[in-house]
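One structure is given here, and the rest of the page talks about it.
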Amino acid sequence: MATDFSALGIRREINDILRENGITKPTAIQVQAIPMILAGRDVVGQSQTGTGKTLAFVLPMLEKIDSTKTHVQALIITPTRELALQITNEVTKLADKLGINVLSVYGGQDVDRQIKKLRGGTQIAIGTPGRLMDHLRRKTIYLSGVTKLVLDEADQMLHLGFLDDVEELVRQTSPKRQTMLFSATMPSKIRGLATRYMRNPADIRVQTQNVTLDEIKQVIVEIPESEKLDKLCSLMEEYRPYLAIVFCHTKKRAVSVTSALIQQGYDADELHGDLSQPQREQVMRRFRDAKIQILVATDIAARGLDVEGVTHVFNYDIPRDVDSYIHRIGRTGRAGETGMAITLIDPHEEPYVRMIEAGVSVSIEKHKVSGQRFLTKDKRTVSRTDGGQFFKKTFEKKEE
Ligand code: ADP
Ligand code: MG
């Protein structure tokens, strides 16, 4: 089995940059997907949350971009602005040193600036369907030279609401393109739909016993709706997350839970679709910098976001479908870390628990408040991709 990226066909220069970022050993999905993508095959890639799917498609893409040509050659479509921005940052780290230009194209941002940058010779565009369509209509982006197309969180991208735009975007790309779909979940119906845009795709599924990561300890806490807020606060005291995400069913719920937490003295802030783009970016920046400890969010934050130091995910409202549960709890336990997912349910929501348990084939422990903390300080300082420097630094700051 290949043990480093060069054995998979990734050039030295890229290897060195990865190593500088503490990334030396490819993950299972990377081992399987990278050679297949380099060989030009269409790919449907499925692996658990936090297992490095982004680099699985980004690295072979960087290998194939011609930096002497100034048109968009690769397009990555994502369901949210936050994810587009995150992937842009991850790609830029590598692309900058290779002389490849990357641009994120998402709503709420200065269109003129995007247009100017697109004219300046962007080779990789990363964006949400809505804004990409805007640019198509204004004829400020041309996709006919796109030969690498990625739908990240593909199952979400092919859902109603996104489907029409995504289909139109796909039609605009080169007929000779290579198409890549990635997600932790891929319902068979969606898989079938996707193959319409693909040529004999390689079906890469990293086989694991469980749908959800073993690294994530999952518990259910049954509590009447009227006592949820108090319970959330006492769970915060009990588990003392380093960073936590609290998922709510609606924007309104997110707003009220946030203000209640702030009133209780927590460093909390909200993320949902009613905020302006600068507000959304500021909240995410502050959360990534650990200046906010608790991010209260709608499902906008459920897909793809990779924030170092998220030790706990709380489902203040239980998700209404299994895949949403998988993605939400997957915001913790990333890149080999451990994490904990706590789902609060009102007694009448018990049927949803059974649905989720059946969906993930795990019986989820009913939580008794015990005073015992799941994450020890040692676990929380375990190093990650940057050698843990960022995490340690901010963690120590927090501990002062
Ligand atoms: P996924 O898309 O599968 O949920 P991501 O691509 O967001 O996961 O990666 C999760 C984290 O793992 C990121 O912080 C990323 O930098 C890190 N990572 C990716 N590949 C490796 C690797 N080979 N070794 C160590 N860390 C990695
Ligand atoms: Mg991802």
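The values are calculated or read from the model by the stated rules, or taken from the named source; none is laboratory data. Just so you know, these numbers come straight off a predicted model, no measurement behind them. Cβ placement follows ideal geometry from the backbone for every residue including glycine, while neighbour counts extend to all protein chains displayed. Surface areas here come from the heavy atoms of the whole protein model, side chains and all, with no ligands, DNA or RNA. Shrake-Rupley method; radii C 1.70, N 1.55, O 1.52, S 1.80 Å.
Side notes on the structure shown:
- Estimated FRET transfer efficiency when R0 is 35 angstrom, pair ASN200-SER67 (beta carbons, to 0.05): 0.75
- Amide proton proximity set for ALA341, modelled H, under 5 Å, gap of 5+: LYS217, GLN218, VAL219, VAL313
- Between the range 195-244 and the range 272-314, the alpha-carbon center distance in angstrom: 16 Å
- Too-long pairs where the Cα-Cα distance tops 22 Å, listed order kept, from LYS69/LYS116; LYS189/LYS252; LYS228/LYS252; LYS25/LYS69; LYS25/LYS53; LYS25/LYS291: LYS189/LYS252; LYS25/LYS69; LYS25/LYS291
- Each Lys and Arg Cβ is given +1 and each Asp and Glu Cβ -1; about its Cα centre, the range 6-207 then shows a dipole of about 460 debye.
- The 3J(HN,Hα) values that the Karplus relation (6.51, -1.76, 1.60; θ = phi - 60°) gives for the range 211-216 are, in residue order, 6, 9, 5, 5, 5, 9 Hz. Gly and Pro appear as x.
- Working note: Karplus 6.51/-1.76/1.60 with θ = phi - 60° gives the range 68-85 the couplings 7, 9, 9, 9, 5, 9, 9, 10, 10, 9, 10, x, 10, 5, 4, 6, 4, 5 Hz, where Gly and Pro are set to x.
- Sorted largest first by accessible area at a 1.4 angstrom probe radius, with every protein chain in place, the residues ARG199, ARG171 fall in the order ARG171, ARG199.
- Computed E for ASP110/LYS291 - FRET, C-beta separation, R0 22 angstrom, nearest 0.05: 0.30
- For the range 151-202: rounded, prolate or oblate by the Cα gyration tensor [a/c cutoff 1.5]: oblate
- Put the Cα centre of the range 109-179 next to the Cα centre of the range 34-80 and the gap is 15 Å.
- Net charge dipole, the chain: roughly 1300 debye, given to the nearest 20, about the Cα centre with Cβ charges of +1 for Lys and Arg and -1 for Asp and Glu.
- Per-residue ³J(HN,Hα) for the range 172-183, Karplus 6.51 cos²θ - 1.76 cosθ + 1.60, θ = phi - 60°, Hz, x for Gly and Pro: 6, 7, 5, x, 8, 5, 9, 10, 10, 10, 9, 5
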